Structure formats: C-alpha cells, structure tokens
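Accompanying notes for the structure given below.
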There are 2 protein chains.
Amino acid sequence: MRPLFHPALEDIKPEAILYALSDPERAAIYAQLAGAACGNTCSALAELGDRVIPKSSLSNHFKVLRESGLIVSERQGVEMRNQTRCAELDERFPGLIKAILTAYGQIPEQLKTG
Amino acid sequence: MRPLFHPALEDIKPEAILYALSDPERAAIYAQLAGAACGNTCSALAELGDRVIPKSSLSNHFKVLRESGLIVSERQGVEMRNQTRCAELDERFPGLIKAILTAYGQIPEQLKTG
DNA sequence: TCCGTAGTTCAGAAATTCGGAACTGTTGAT
DNA sequence: ATCAACAGTTCCGAATTTCTGAACTACGGA
C-alpha cells in the first residue's frame, strides 16, 4: 500500500476543501468525525444514511478528505484511525469549517464555541 | 431561450453552493460579482486570470452559479446582468459566503463588516 | 430587413466518478 | 510457519459529468 499523503497546512487549497465537502455523503462522514472525540475508523461509518456505502467508495471518500487536508489518517493495526484537522484548518481558513457544518445543519458541540 | 431558473431561498442546498465555488474560476467570477456595485455582464468577466474563458464555458459557469442560488441573472436588452444573492444567502447560511471568499483571499470591501 | 453583439444550446471528446472484484497488509489461531 | 479473517486499498470498466467549438437564438440599431 502506498504511503498516505497529507498536505502541509500551508498547501491546503480552499477549492479542495469545498470540493471535498460538496458531496453530502463526504460531508456527513466529516461531520461525524468532527463530532467524535476519538478518531473513527472507515467501516464504522459505512452506514450513515439509509444506504450502505460500498467500501471502495468509502475508501475513496477518506482519500479525498485526507488529500484535501480535512483529516489525518493513521494506520493502527488492521484499521485506520481518522481525525479532523479542525483546529489547524480554522487557523488557516477562519470560520470556514464551522460555517460549512452549520450550513449542513451538522455542527457538533465541540465546534459551537469559537 | 429557456427561462432562467432561480431556486427559492429555502430550496438552496449547501452542497450546491460548495460545489459551485469549488471551481476556482467560478469562485473568481463570483468574487468579482460580489465586489461589483452593480451587476456585471457575462462577457465582462471573460478574462479573469491569464486565460480567456470560452463563452460556452462562461455561460455554463453562470448557469451553475445561478442554479445553486448564488446569483440572480436578468436579461437587460442584449446582455445579462448578474448579481449576487449575498444578503439572502447570509440569512440562510450565516457566515458561509464570507468565510469562503476569505479563504480564497478575495473578500470584497462590502462584505468585510457583518 | 439585415447586421452585429451577447449569450445559450448542442454534440462529441476528454476527464471524472462509481463500485465490484481482486489484492495488500495486519492480527490471531492452529 | 501456515492459514484464515478482517480492514482497507487498488484496479479497471461502465456510467456520468465536464469542457468547448460550432451552430443557434434573442435583441437592438441602421
């Protein structure tokens, strides 16, 4: 497996963020991660709405989120822990993530103040 | 020519907004409109960066912006006046547009306070 | 009526997305 | 050591979307 790519904070592009979150399924995954205290695995999120997301699609969603700079993924044994880069991102693009999650009506408690 | 479709405020979807602005060219057009006091025409924006945007592409960009709810277009004689729906949108998705334009580093004066 | 201008629509090529099947890497059992 | 189970990735073909030149429509002026 290829090593996972994570962009440096300064290389994160707004268009990549917007693109990644313009897919409601990905946005829901991201919102879920933003709400989870600890990192979440891939398969834990396979069933967000009514449909079951195929695992290749899910894997791709995580890749898009990761490479846009929204999340960090780290292999932990057989599975993958995924966490948001909220704090970092808010520094680079103030208010952006919060406004997007609010627009989707998915703002988690942790982000409400700030 | 078919009548132009504009979604009602309550029908505007966050994913459509994000998608529309995830294209840097469209975002630049939108930022330009947001900065212009009066509406702007299509062809006035044909040359934003270094490349000249083909007019069919430009027409499509405006269509995407319009149908996502970001702008209103109105025929005025032979040309088209385009205006943003900033105020309305900010009511529906507080802070979203401002945060996006800020992220792109294109926040116009009019939006800086508020 | 005929021409020029602004923008839209059409259509085919190119690029992207989706998802099943095969594969990789890790853990635990025998 | 070998095997099986599991989490996730990669591959690749089908379906969808995007792009843009060319044709077309709509309006205004001469």
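Having 2 or more residues that are crowded, with 16+ Cβ neighbours inside 10 Å, of a type outside the set (F, W, Y) and within 14 Å of DNA strand D (Cβ to nearest atom) is the bar; report the helices (runs of 4 or more DSSP H) wholly within the range B:8-101 that clear it.
On the way: elements: B:14-21, B:24-35, B:55-68, B:86-92.
The helices (runs of 4 or more DSSP H) meeting that bar are B:14-21, B:24-35, B:55-68.
Take A:E47 and decide whether it is within 16 Å of DNA strand C (Cβ to nearest atom) and within 14 Å of another protein chain (Cβ to nearest Cβ). In short, no.
For the range A:24-53, enumerate the residues that are of a type outside the set (V, I, T), closer than 13 Å to A:L65 by Cβ and free of Cβ contacts under 8 Å to residues at least 40 places away in the same chain.
Of the range A:24-53, the ones of a type outside the set (V, I, T) are A:24-28, A:30-40, A:42-51.
Narrowing further to those that are closer than 13 Å to A:L65 by Cβ: A:25-28, A:30-34, A:39-40, A:42, A:45.
Matches in the range A:24-53: A:E25, A:R26, A:Q32, A:L45.
Screening the range B:1-24 for residues that are away from DNA strand C (no atom under 14 Å from the Cβ) and of a type in the set (D, E, K, R) and picking the one that is nearest to the chain's Cα centre (by Cα) gives B:K13.
Taking the conditions exactly as written (farther than 26 Å from B:I12 by Cα and within 16 Å of DNA strand C (Cβ to nearest atom)), does A:R92 satisfy them or not? First the steps, then the outcome.
Numbers: farther than 26 Å from B:I12 by Cα: yes; within 16 Å of DNA strand C (Cβ to nearest atom): no.
Considered against the rule, which asks whether it is farther than 26 Å from B:I12 by Cα and within 16 Å of DNA strand C (Cβ to nearest atom), A:R92 comes out as no.
Listed by first and then second residue, the pairs with beta-carbon distance under 6 Å, at least 6 apart or on different chains, first residue in the range B:88-103 and within 7 Å of another protein chain (Cβ to nearest Cβ) and free of Cβ contacts under 8 Å to residues at least 24 places away in the same chain, second surrounded by fewer than 15 Cβ atoms within 10 Å (Cβ to Cβ) and not in a helix (DSSP H, G or I), form an empty list.
The number of residues in the range B:7-29 that are away from chain A (no Cβ under 11 Å) and either of a type in the set (G, A, S) or out of contact with any helix residue (DSSP H, G or I) (no Cβ under 6 Å at 6 or more places or on another chain) (or both) comes to 4.
Listed by first and then second residue, the pairs with beta-carbon distance under 7 Å, at least 6 apart or on different chains, first residue in the range B:55-79 and more than 12 Å from B:R26 (Cβ to Cβ), second hydroxyl-bearing (S, T, Y), are B:E79/B:T41.
Read-outs: derived from the displayed coordinates by stated rules, not from any lab. The shown structure was predicted, so the numbers you read here are calculated from the model rather than taken from an experiment. Note: ideal-geometry Cβ built from the backbone for every residue, glycine included; neighbour counts use all protein chains shown.
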